[in-house]
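**Q** Once you've had a glance at the structure underneath, I'll fire off some questions.
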Amino acid sequence: MKILILNCGSSSIKYKLIEMIGEQTLSYGLMERIGMHDGLLYHHFQKDGELKEKKMVREIPDYNTGVKLIINTLIHSDYGVVSDTSEISAVGHRVVHGGEKFASSVLINSDVRQDIRDCIELAPLHNPHNLRGIKACEMLLSGIPQVAVFDTAFHQTMPKWAYIYGLPYLLYQKYDIRRYGFHGTSHRYVSERVSALIGQPIEELKIITCHLGNGCSIAAIEKGKSVDTSMGFTPLEGLVMGTRCGNIDPTVVFHLIGREGLSLGEVVTLLNKQSGLYGISGVSNDMREILQEIKENNSRASLALEIFCYQIRKYIASYAGVLNGADVIVFTAGIGENVPLVRQKCCEKLAFMGVNIDEEKNDAAIGKESIISRQSSKVKVFCIPTNEELIIARDTKKIVQSLKGE
Ligand code: AMP
């Protein structure tokens, strides 16, 4: 069974075609600059046992054209990996916001599409594009089942005291204002994976997962279920991120409007796009560049790194409080998988809860599954590359098989 995974953003589409027998990636790629005359497609494909790349520049005025180009590329006689679209058994879509309606993945039908549309108010920058991808597939791959896998679904198990804000309760009832949490497929994947790696059922484990990429979030996971997470009503809450500010006193917003004369829209942009590592360092949102600047004695870059790691450490310690201790901590995503210095700084002063990092193992763990704690460490600490597409593919397969009564 071959499953196509689509992750549709505002002007980009990421895709992966997975053969579920052996969970093998046949092809993956990234389309950028949708809506422009010089749209780009970076297509990777397996041929004769080798991974090859094909880059294309095409006019991609809209989503339908984009999805059509991806499908035509996948079936192309030279750089395609299937001979016909009939070989694609199903499409799995990453959908950012499922609100309170979706606590798990679902087969897409007209009701589900409407529910995703209803969540646009909660994720205006994401859900409309996810819907565009779904619509394009319905047109171009008619009859092929499509499944929605939500970023928010994994966190729907949080107890009420973790997701209700200290606001008038009426606002939750009227406008659904509450903590939702994001990166759910990533937190789910690494928590399931770490349980498999240590050979202990997830139901017996207390896990803290740290997804540290351009967006960052932490989750407290008990018996395989999310019980708290740092992102909130939107992905702006929680940790300091690449360009997002994370937790701040809400009064700062009114101060910015009053003192800087900014409009509400400008404040939203400032908090989402001009803050975080970028805003503090003044140089970049990219951790690689921050590390380079630190080497060149840029004190603001050093401060950005200190703040970034300090916030993570505070969350880890507080989630140990939420879980009444922790058995495992996992680091994942671009920074969590690749930057030993960040992992080490995040785990400093956590000896009180039984965290003891092995420096050599930590330094060697770059982009690969590894344990980075000492044998004597009460809490096992891991680096695990995330694989959100695999979770989407597995859920899609399960739903399609149940459709067929298999
Ligand atoms: P993601 O959103 O998961 O793609 O992660 C993006 C972040 O990971 C950026 O801050 C990158 O600088 C950082 N990153 C990715 N690879 C590396 C690497 N090899 N070394 C340092 N940082 C990295």
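Computed from the coordinates by the stated procedures, all read-outs in this text should not be read as laboratory data. Owing to the predicted nature of the structure, the values given are computational and were not obtained by experimental measurement. Cβ: placed from backbone, ideal geometry, glycine included. Neighbour counts: every protein chain shown.
**Q** When the Kirkwood radius is taken over all Cα pairs of region 244-306, what Stokes-Einstein diffusion coefficient follows at 37 °C and 0.692 mPa s, in µm²/s?
**A** For the chosen part, D equals 264 µm²/s.
**Q** Rounded to the nearest 0.05, what FRET efficiency do residue 50 and residue 118 give with R0 = 60 Å and r taken as the Cβ-Cβ distance? Could you check?
**A** Given R0 = 60 Å and the Cβ-Cβ separation, E is 0.85.
**Q** Okay, next question. Charges only on Cβ, +1 for Lys and Arg, -1 for Asp and Glu: so what's the dipole of region 34-178 about the Cα centre, in debye to the nearest 20?
**A** 320 debye
**Q** Regarding region 1-56, what is the average projected area of its C-alpha convex hull, in nm²?
**A** Averaging across all directions leaves 4.1 nm² for the Cα convex hull.
**Q** Let me ask something else about it. Rg and Dmax of region 39-155 over Cα atoms: what are they, in angstrom?
**A** Final numbers for Rg and Dmax: 15.8, 47 Å.
**Q** Roughly how far apart, in whole Å, are the Cα centres of region 77-114 and region 230-307?
**A** 34 Å
**Q** Continuing with this model, one more query. For residue 324 and residue 38 in the same chain, what is the full-extension length gain: residue separation times 0.36 nm, less their Cα-Cα distance, in nm?
**A** That works out to 97.6 nm of additional length.
**Q** Here is the link list: 54/273; 16/397; 101/397; 2/54. Which ones come out longer than 23 Å on Cα distance?
**A** Table pairs above 23 Å Cα-Cα are 54/273.
**Q** Simple spin-label model, 7 Å along Cα-to-Cβ: residue 233 to residue 84 in nm?
**A** Modelled inter-label distance: 5.2 nm.
**Q** Show me 172-185, 192-205 ranked by packing, highest mean number of other Cβ atoms within 10 Å first.
**A** In decreasing order of mean packing, 172-185, 192-205 become 172-185, 192-205.
**Q** Over 15 Å apart: what share of the alpha carbon pairs of region 366-406 falls there, rounded to a whole percent?
**A** 62 percent
**Q** What does the net charge come to around residue 80 if you take all other residues with beta carbon closer than 11 Å to its beta carbon, with K and R at +1 and D and E at -1?
**A** -1
**Q** With an 8 Å cut-off on Cα pairs and a minimum separation of 6 or more residues, tell me the relative contact order of the chain in percent.
**A** 13 percent
**Q** I need the GluC sites (Glu not before Pro) found in region 11-60, filtered to DSSP loop residues with at most 11 other beta carbons within 10 Å of theirs.
**A** In loop regions of region 11-60 (DSSP not H, G, I, E or B), there are no sparsely surrounded GluC sites (Glu not before Pro).
**Q** At a 10 angstrom cut-off on C-beta neighbours, averaged per residue, how do the peptides 136-147, 225-236, 6-17 rank from highest to lowest?
**A** Top to bottom by mean Cβ count within 10 Å: 225-236, 6-17, 136-147.
**Q** If I take all pairs of Cα atoms in the chain, what percentage of them are more than 26 Å from each other?
**A** For the chain, the fraction of Cα-Cα distances above 26 Å is 57 percent.
**Q** Is the shape of region 9-105 rounded, prolate or oblate, going by the alpha carbon gyration tensor and its root eigenvalues a ≥ b ≥ c, with a/c under 1.5 for rounded and a/b larger than b/c for prolate?
**A** Oblate is the answer for region 9-105, as a/c is 1.5 or above yet b/c matches or exceeds a/b.
**Q** In addition: For the chain, give me the percentage of DSSP beta bridges that are antiparallel, rounded to the nearest 5 percent.
**A** 70 percent
**Q** A further question follows. At 0.36 nm per residue, minus the direct Cα-Cα distance, what do residue 12 and residue 306 gain on full extension? Give it in nm, one decimal, please.
**A** Here the segment from residue 12 to residue 306 would lengthen by 102.6 nm.
**Q** Starting from the Cα gyration tensor of region 168-238, multiply each eigenvalue by 5, take the square root, and state the resulting semi-axes largest first in whole Å.
**A** Listed largest to smallest, the semi-axes of region 168-238 are 27, 14, 8 Å.
**Q** Scan region 284-344 for GluC sites (Glu not before Pro) in coil per DSSP, keeping those whose Cβ has at most 16 other Cβ atoms within 10 Å, and list them by number.
**A** Of the GluC sites (Glu not before Pro), the ones in loops of region 284-344 whose Cβ has at most 16 other Cβ atoms within 10 Å are 296.
**Q** Is the C-alpha gyration tensor of region 125-251 telling us rounded, prolate or oblate? Criteria: a/c under 1.5 is rounded; beyond that, a/b larger than b/c is prolate, otherwise oblate.
**A** Oblate, since a/c reaches 1.5 and b/c is not below a/b.
**Q** Now a separate question. Could you work out the helix-only [θ] at 222 nm for the chain, with each DSSP H run of four or more residues adding -39,500 (n - 2.57) and the total divided by the number of residues, to the nearest 500 deg cm²/dmol?
**A** So the calculated ellipticity at 222 nm is -11500 deg cm²/dmol.
**Q** For region 319-374 and region 168-219, what is the separation of their C-alpha centers, rounded to whole Å?
**A** Spelled out, the Cα-based centre of one part sits 17 Å from the other.
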